[in-house]
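J.: Before I ask anything, here is the structure I am working with.
Each reported figure results from applying straightforward, stated rules to the coordinates on display, with no laboratory input. The shown structure was predicted, so the numbers you read here are calculated from the model rather than taken from an experiment. Ideal geometry is used to build each Cβ from the backbone, glycine not excepted, and the neighbour counts take in all protein chains shown.
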Amino acid sequence: MPARYLVAVVGRRDYGCASELVCEVPDDFRPHPGQFVHVACGGDGRILRRPFSVFDRGEGTASILVREAGEGSSWLKRRGPGDRLDILGPLGRGFDLCAEGGRLLVAGGAGIAPLRFLAKRLLEEGETCLVAWGMGEAAEYGVLPDVLKKEADVRLACLDGSGGHAGSAVDLAMQLDRESAGQVYACGPREMLLSLAARMEEVDREGLARLQVSVEERMACGVGVCRGCAVPVAEPPGAYRAACSDGPVFRGDELDWMRMAALT
Amino acid sequence: MDAHGGVDLRVEISGISLQNPVLACSGTFGNGREMSAWMDIRRLGGVMTKAVTLDPCAGNPPPRVWETPSGMLNAIGLENKGLERFLEEDLPWLHDMGVPVWVNVAGFTAAEYVEVAREVSRAKIASALELNISCPNVKKGGLHFSADESEAERLVSAVKGAVDIPVYVKLSPRTGDLRGFAGAMVRAGADGISLINTMPAMAVDVETARPRLGNLTGGLSGPAIHPVAVQMVWEVAQEVDVPIIGMGGIWGWRDAVEMLMVGADAVAVGTLNFTDPTATLGVVEGIAAFMRRKGYRRVGELVDLARRGRSGAAG
Ligand SMILES: Cc1cc2nc3c(=O)[nH]c(=O)nc-3n(C[C@H](O)[C@H](O)[C@H](O)COP(=O)(O)OP(=O)(O)OC[C@H]3O[C@@H](n4cnc5c(N)ncnc54)[C@H](O)[C@@H]3O)c2cc1C
Ligand SMILES: Cc1cc2nc3c(=O)[nH]c(=O)nc-3n(C[C@H](O)[C@H](O)[C@H](O)COP(=O)(O)O)c2cc1C
């Protein structure tokens, strides 16, 4: 059950443009990979919470990975031990883990957050997975790629060619696999999701049904009442679903990609 | 006397008994179901539903929300599943909660408003209607009625002729002659007035020169509009003698008490629900604590106090 928690920050690890905030959480805080927490990000006239995916759940702790994107995330990224965070969560519909065949995880930038948690869960359950993580340049997330490579099979794609595959995460993912993956999980900028969806559709007719994406949409309430975070869906035609409560994870064939493309 | 330590929070407006003067604003509380995961909605004074239109409404293209200093813009565009499903799924559920319900009615034509109002009234389980003639986010209907007093009057009397439950009219902060308009609504049959809806507003991303909202413009809510709402309630209270539900940027018990003191009989909490889904109950507790501290025993003693010129304890 989601609830409001006032949690103590017990650790902070800086990884380049992002920081991991480790918080003490009670036992009843049981996030599923892909779910998020809605975090109050200080005062200064900021009245809405900010959504952050659960990045990890350890012994008595849970963490988020915060990339600086504006004033609220910049305030949040500077929190550390001694601070408390006001969070609502865990919220939303996460990834569906039950699938056959291999798993391919495709992350763009801070979109690695929910996929790292997913990879950990999959490995704990004895499944295998392959992670393609794209970023601008190899140094962008500090030593985080090295940390994650110790946990899972993580391959980097850097747009500027400074490390791993020279190019996008989608290109890398499509090279690595694409026919054999029973399920492709993705989180990242909308353009990345659009190009991945297009490539999956090329593979076969069921391509989109094997894709699960976590979408980012501007949110207000985070609990499904304001209808602010609208995502265009295929059925019924012209309709929207709420990213916060119907998502943030959607199956590729649930979304209306034509209207998604028109948004950017 | 009750759970609030000697103070009586009950109010009665338009023959409807509320256990306390705090309601949830239309569009900020869904139709109660989602919020019931966070709080006991039976402890509210009342719930004002999300706007109901005759046909299902998909709403506006995203982005639909944008945060501004101490406020937010929204252009949801009346997304709702339409009258039929509202009557089947949501209204009975709210009724079973035992909480008074104001059904927020919207339409794209006057005939649609009347039909929705008639069917809701016929269901016999809604406490009252709130006519949303002040939504800034739809091209037809909505705010259009706030701009034309005689059209609004005709709408109110047509609705009144079709229903047998109290009708509240929700006013926009963009109303030219506010007092004249409120008076005209009452003469046309309005049983109560609620105010304020969001203020028409806009924001643009200067990097791309594109408006922040898919609908281009939207409505401003939150603390930024609170003083505007206080002044408007103050003015309307001097004009009409029907009950007033005051809303607009209520961000805690103090803002709610302020609203009562300028003449609101009850208040409704809106955008604050997004920040804290349990906030309404905190406002109820805060009002009770304030009344205990100041020695007030009934909510009515606070209503209009700013005009009556009393500042100390009631006795
Ligand atoms: C389900 C979900 C999970 C997310 N997980 C992460 C994560 O794990 N790590 C991470 O670094 N970021 C994540 N984001 C993006 C993060 O929420 C935004 O970067 C953050 O809200 C920006 O706030 P700001 O005040 O810094 O920026 P501003 O641009 O000043 O924010 C203004 C408003 O826009 C909203 N907003 C701005 N950017 C976004 C965005 N990309 N998506 C949604 N709302 C936005 C803010 O919430 C705020 O209400 C996630 C977004 C969603 C929807
Ligand atoms: C996201 C959102 C949706 C809203 N939807 C409606 C609606 O459907 N009908 C209506 O009459 N008012 C609607 N409103 C206006 C509120 O009911 C309220 O009048 C306004 O937001 C001012 O109060 P606040 O500042 O406390 O939010 C909406 C407001 C918001 C923020």
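J.: To check you understand DSSP bridge types, tell me what percent of the beta bridges within chain B (both residues inside) are antiparallel, rounded to 5. Display every interim value, and only then the final one.
T.: Numbers: 16 of 43 bridges.
Bridges in chain B are about 35 percent antiparallel.
J.: Using the Cα centre of the protein assembly as shown as the reference point, and only Cβ charges (+1 on K/R, -1 on D/E), how large is the resulting charge dipole? Debye, rounded to the nearest 20.
T.: Working: 61 positive and 74 negative charges, 273 e Å.
The dipole of the protein assembly as shown has a size of about 1320 debye.
J.: Let me ask you something else. Grab the beta carbon distance between B:Ser157 and B:Thr109, set R0 = 22 Å, and tell me the FRET efficiency rounded to 0.05. Write down the numbers at each step before the final one.
T.: Details: r = 16 Å, r/R0 = 0.73.
Given R0 = 22 Å and the Cβ-Cβ separation, E is 0.85.
J.: Semi-axes, largest first, in whole Å: what does sqrt of 5 times each Cα gyration tensor eigenvalue give for region A:1-155? Numbers along the way, then the final one.
T.: Numbers: eigenvalues 123, 71, 36 Å².
Semi-axes from the Cα gyration tensor: 25, 19, 13 Å.
J.: Mean separation of Cα pairs under 8 Å and 6+ residues apart, divided by the residue count of region B:189-243: what relative contact order is that in percent?
T.: Numbers: 43 pairs, mean separation 22.2, N = 55.
After rounding, I find 40 percent.
J.: Pop the C-beta distance of B:His144 and B:Arg308 into the FRET formula with R0 = 51 Å and round what comes out to the nearest 0.05. Working shown, then result.
T.: Details: r = 37 Å, r/R0 = 0.73.
Once the sixth-power term is evaluated, E becomes 0.85.
J.: Roughly how crowded by other chains is peptide B:257-270, in terms of the mean Cβ count from those chains within 10 Å of each of its Cβ atoms?
T.: The shielding value for this peptide is 0.
J.: In whole Å, what three semi-axes, largest first, describe the equivalent ellipsoid of region A:4-91 built from its Cα gyration tensor (square root of 5 times each eigenvalue)? Mind dumping the intermediate values first?
T.: Details: eigenvalues 67, 41, 30 Å².
In descending order the semi-axes read 18, 14, 12 Å.
J.: Just counting partner chain Cβ atoms within 10 Å, what average do the residues of peptide B:67-73 show around their Cβ? Don't skip to the end; give the middle numbers.
T.: Working: counts 10, 2, 4, 5, 3, 6, 0.
Mean shielding count: 4.
J.: Nothing charged except the Cβ atoms of Lys and Arg (+1) and of Asp and Glu (-1): what's the magnitude of the dipole of region A:4-91 about its Cα centre? Round to the nearest 20 debye. Can you show the working numbers first?
T.: Values: 13 positive and 12 negative charges, 43 e Å.
Value, rounded to 20: 200 debye.
J.: Mind checking A:41-51 for the average number of partner chain beta-carbons within 10 Å of each residue's beta-carbon? Mind dumping the intermediate values first?
T.: Values: counts 0, 0, 1, 2, 8, 4, 16, 9, 3, 1, 0.
Per-residue shielding by partner chains comes out at 4.
J.: Using DSSP, restrict attention to beta bridges with both residues in the protein assembly as shown and report what percent are antiparallel, rounded to the nearest 5.
T.: Values: 52 of 104 bridges.
Bridges in the protein assembly as shown are about 50 percent antiparallel.
J.: Let me ask something else about it. Contour minus end-to-end for A:Arg84 and A:Asp96, with contour as 0.36 nm per residue of separation and end-to-end as the Cα-Cα distance? Walk me through the numbers before you get to the answer.
T.: Working: separation 12, 0.36 × 12 = 4.32 nm, distance 3.13 nm.
Here the answer is 1.2 nm.
J.: I would also like to ask the following. To the nearest 0.05, what FRET efficiency results for A:Leu159 and B:Ala37 with a Förster distance of 56 Å applied to their C-beta separation? Present the calculation step by step, with values, prior to reporting the outcome.
T.: Working: r = 42 Å, r/R0 = 0.74.
After rounding to 0.05, the efficiency reads 0.85.
J.: Specify which residue in the list B:Gly300, A:Leu193, B:Leu216 is farthest towards the positive end of the charge dipole of the protein assembly as shown, using unit charges on the beta carbon of Lys, Arg (+1) and Asp, Glu (-1), about the Cα centre.
T.: Looking along the dipole axis, the top candidate is B:Gly300.
J.: Can you flag which of B:Lys124/B:Lys170; A:Lys77/B:Lys81; A:Lys120/B:Lys81; B:Lys50/B:Lys124; A:Lys77/A:Lys120; B:Lys81/B:Lys124 are past 30 Å Cα-Cα?
T.: Details: B:Lys124/B:Lys170 22 Å; A:Lys77/B:Lys81 39 Å; A:Lys120/B:Lys81 39 Å; B:Lys50/B:Lys124 18 Å; A:Lys77/A:Lys120 23 Å; B:Lys81/B:Lys124 20 Å.
Check vs 30 Å cut-off fails for A:Lys77/B:Lys81; A:Lys120/B:Lys81.
J.: Would you mind checking region A:1-29 for residues with the amide N under 19 Å from a putative spin-label position 7 Å along Cα→C-beta of A:Glu68?
T.: Residues passing the 19 Å test: A:12-22.
J.: Sticking with this one: What is the dipole size for chain A, taken about its Cα centre, with +1 at each Lys and Arg Cβ and -1 at each Asp and Glu Cβ, in debye to the nearest 20? Please report the intermediate quantities before stating the final value.
T.: Values: 31 positive and 38 negative charges, 155 e Å.
That gives a dipole near 740 debye.
J.: Can you run the Rg to Rh ratio on chain B? Use alpha carbon positions and the Kirkwood inverse-distance Rh. Please report the intermediate quantities before stating the final value.
T.: Details: Rg = 18.4 Å, Rh = 19.4 Å.
Rg divided by Rh gives 0.95.
J.: Determine, for each peptide in A:112-123, A:48-59, the mean count of other beta carbons within 10 angstrom over its residues, then list the peptides with the highest first. Before the final figure, lay out the partial values.
T.: Details: A:112-123: 24.8, A:48-59: 20.6.
Those peptides, ordered most packed to least, come out A:112-123, A:48-59.
J.: Which ³J(HN,Hα) values, rounded to whole Hz and listed in residue order, are derived for region A:8-17 from phi using the Karplus coefficients 6.51, -1.76 and 1.60 in 6.51 cos²θ - 1.76 cosθ + 1.60 with θ = phi - 60°, glycine and proline given as x?
T.: So the J values, rounded to whole Hz, are 8, 7, 10, x, 9, 10, 8, 10, x, 6.
J.: Further, regarding this structure: Defining a contact as two alpha carbons under 8 Å apart and six or more residues distant in sequence, what relative contact order in percent does chain B show?
T.: Working: 724 pairs, mean separation 60.1, N = 315.
Result for chain B is 19 percent.
J.: A follow-up question, please. Quick check of the Kirkwood formula: for the protein assembly as shown, what is the inverse mean of 1/r over all pairs of different Cα atoms, in Å? Intermediate results must be reported in sequence, preceding the final value.
T.: Numbers: mean 1/r = 0.0397 Å⁻¹.
Roughly 25.2 Å, rounded to one decimal.
J.: Normalised by the number of residues in region A:103-262, what is the relative contact order in percent for Cα pairs under 8 Å and 6+ residues apart? Kindly include the intermediate steps, with their values, before the conclusion.
T.: On the way: 302 pairs, mean separation 30.0, N = 160.
Relative contact order of region A:103-262: 19 percent.
J.: Fewest Cβ neighbours within 10 Å first, please rank B:His226, A:His32 accordingly.
T.: So the residues, fewest neighbours to most, are A:His32, B:His226.
J.: Of all beta bridges DSSP finds with both residues in chain A, what is the antiparallel percent, to the nearest 5?
T.: Numbers: 36 of 61 bridges.
Of the beta bridges lying entirely in chain A, close to 60 percent run antiparallel.
J.: May I ask which residue of B:Met72, A:Trp133, A:Pro248 lies farthest towards the positive end of the charge dipole of the protein assembly as shown, with charges of +1 (Lys, Arg) and -1 (Asp, Glu) on Cβ and the Cα centre as origin?
T.: So the residue furthest toward the plus end is B:Met72.
J.: In addition: Return, ordered by residue number, the residues of region A:208-226 whose backbone nitrogen is under 20 Å from a label point located 7 Å along Cα→Cβ of A:Met258.
T.: Under cut-off, by backbone N: A:208-209.
J.: Using only alpha-carbon positions, what ratio does the radius of gyration of region B:31-153 give when scaled by 2.2 N^0.38 Å?
T.: Working: Rg = 15.0 Å, N = 123, 2.2 N^0.38 = 13.7 Å.
After normalising by residue count via 2.2 N^0.38 Å, the value is 1.10.
J.: Taking every eigenvalue of the Cα gyration tensor of chain A, multiplying by 5 and rooting it, what semi-axes result, largest first, whole Å?
T.: Working: eigenvalues 147, 99, 61 Å².
Computed over chain A, the values are 27, 22, 17 Å.
J.: Moving on to the next point. What shape does region A:181-239 have by the C-alpha gyration tensor, where a ≥ b ≥ c are the square roots of the eigenvalues, rounded means a/c under 1.5, and otherwise prolate means a/b greater than b/c and oblate the rest? Spell out each step's value before the answer.
T.: Numbers: a/c = 2.42, a/b = 1.80, b/c = 1.35.
It is prolate, given that a/c is not under 1.5 and a/b is the larger ratio.
J.: Note the full-extension length gain between B:Asp177 and B:Arg293 as 0.36 nm times their separation in residues minus their Cα-Cα distance, in nm to one decimal. Provide the component values of the computation, followed by the final result.
T.: Values: separation 116, 0.36 × 116 = 41.76 nm, distance 3.86 nm.
Gain in length upon complete extension: 37.9 nm.
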